[in-house]
Amino acid sequence: MNLKDILNRRYTTKEYDATKKISDADMADIKNLLRMSPSSVNLQPWHFIVAETTEGKARMAKGTQGFFSFNEPKVTNASAVVLFCAKTDADDAYYQHIADTEDKDGRFPNEDIKNGFLGAVKAFAGIHKYDLKDLQHWMEKQVYLNIGSFLLGVASLGIDATPMEGIDVKALDEEFGLREKGYTSLVAVSLGYHAESDFNSTDKTPKSRLPVSELFTEI
Ligand SMILES: Cc1cc2nc3c(=O)[nH]c(=O)nc-3n(C[C@H](O)[C@H](O)[C@H](O)COP(=O)(O)O)c2cc1C
């Protein structure tokens, strides 16, 4: 499939075929997509909870109760569910951890370049932590960037997905002890294969987007 076909075919799945499972090879590609996403100064301010078992999805469904129950079948009938979590804070120890990891991965030919990188991380994070006072918000933006590339990536593997902000983040943070670990949940993405009866499939319902004339200014 070329890019145009992938973009036209992908859609937010509303009903999954619970009998269809994502292969282990595709799950490995999916985890690699999550890990390889870019982020500002390579901060990687995220953590992912991946549920593939019935028990794991039942735990994930604790975030789709009450007001959020419209999303519950998309969790329980999917093949897998990824919970995207963002860091709630970042400090010098974490910036050092990022620089040390880059160093271990062979990215710095000498100590000066490593220190230059560490300085850039501290400078950018410092602007958000102290000047703009939006560090947490900035880190969440990086997680959303990951979600965007993730949705296109899984579609390129022929896998259907449902991004869900309609989740009880407090319940999920409690279920997975996230806040104690320095994270909070943001968005869940269900993955699998749509049921034939899914009304929202692009075979049945056309996609809707604002017109090109409204979206672009060509200069
Ligand atoms: C961040 C985000 C959160 C969303 N939350 C939900 C949700 O909780 N439940 C749902 O059914 N769809 C959800 N959607 C799906 C959007 O409604 C959908 O992406 C949009 O209508 C465009 O349609 P398409 O994804 O089929 O192209 C969400 C999408 C995004 C990007």
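Every number in this text was worked out from the coordinates using simple rules, so none of it is lab data. Note that the coordinates shown come from a computational prediction; the quantities given were computed from them, not determined experimentally. Quick reminder, even Gly has a Cβ in these numbers, built from the backbone with ideal geometry, and neighbours come from all protein chains shown.
Yes or no: A61 touching an Asp or Glu at 6+ places or on another chain (Cβ under 6 Å), under 23 Å from G166 (Cβ atoms) and outside any helix (DSSP H, G or I)?
In short, no.
Taking the residues in region 157-200 that are more than 14 Å from the ligand (Cβ to nearest atom) and of a type in the set (D, E) as candidates, determine which candidate is farthest from K4 (Cα to Cα).
Among those that are more than 14 Å from the ligand (Cβ to nearest atom) and of a type in the set (D, E), it is E180.
Those residues that are surrounded by fewer than 18 Cβ atoms within 10 Å (Cβ to Cβ), away from the ligand (no atom under 16 Å from the Cβ) and within 16 Å of T162 (Cβ to Cβ), I need them from region 1-51; list them, please.
A18, K20, V50, listed by residue number.
I need every pair where a residue in region 12-30 that is at positive phi has its Cβ under 6 Å from the Cβ of a residue that is within 16 Å of the ligand (Cβ to nearest atom) and part of a helix (DSSP H, G or I), sequence separation at least 6 or different chains.
Here the result reads none, with nothing in region 12-30 linked to a residue that is within 16 Å of the ligand (Cβ to nearest atom) and part of a helix (DSSP H, G or I).
Out of curiosity, is I6 under 28 Å from Q142 (Cβ atoms), in a helix (DSSP H, G or I) and without any contact (Cβ under 8 Å) to a residue 60 or more places away in the chain?
When the stated conditions are applied, I6 does not pass them.
Taking the options N200, N146, N110, name whichever one is over 23 Å from R35 (Cβ atoms), polar (S, T, N, Q) and touching a strand residue (DSSP E or B) at 6+ places or on another chain (Cβ under 8 Å).
It is N200.
Taking only pairs six or more apart or across chains, which ones have beta-carbon atoms under 6 Å, a first residue in region 160-178 that is under 17 Å from W46 (Cα atoms) and acidic (D, E), and a second residue that is more than 12 Å from the ligand (Cβ to nearest atom) and not in a strand (DSSP E or B)?
Partner pairs satisfying both residue conditions: D173/R179.
Against the definition (more than 14 Å from the chain's Cα centre (by Cα), aromatic (F, W, Y) and over 30 Å from K207 (Cα atoms)), how does F68 come out, yes or no?
Considered against the rule, which asks whether it is more than 14 Å from the chain's Cα centre (by Cα), aromatic (F, W, Y) and over 30 Å from K207 (Cα atoms), F68 comes out as no.
Kindly check whether there is at least one residue in region 139-156 that is surrounded by 20 or more Cβ atoms within 10 Å (Cβ to Cβ), assigned to a strand (DSSP E or B) and within 16 Å of the ligand (Cβ to nearest atom).
no
Name the single residue, out of those in region 64-123 being within 16 Å of the ligand (Cβ to nearest atom) and in a loop (DSSP other than H, G, I, E, B), that is surrounded by the fewest Cβ atoms within 10 Å (Cβ to Cβ).
Q65
Evaluate region 43-53: report whether one residue or more is within 18 Å of the chain's Cα centre (by Cα) and at positive phi.
Checked against the condition, which is being within 18 Å of the chain's Cα centre (by Cα) and at positive phi, region 43-53 yields at least one hit.
Considering only region 170-180, I want to know if a residue exists there that is closer than 26 Å to M60 by Cβ and either among the basic types (K, R) or part of a strand (DSSP E or B) (or both).
Yes; the residues of region 170-180 include at least one that is closer than 26 Å to M60 by Cβ and either among the basic types (K, R) or part of a strand (DSSP E or B) (or both).
Just checking, which of S149, S156, S201, S190 is closer than 30 Å to T19 by Cβ, in contact with a Leu (Cβ under 8 Å, 6 or more places away or on another chain) and in contact (Cβ under 8 Å) with a residue 24 or more places away in the chain?
The unique qualifying residue is S149.
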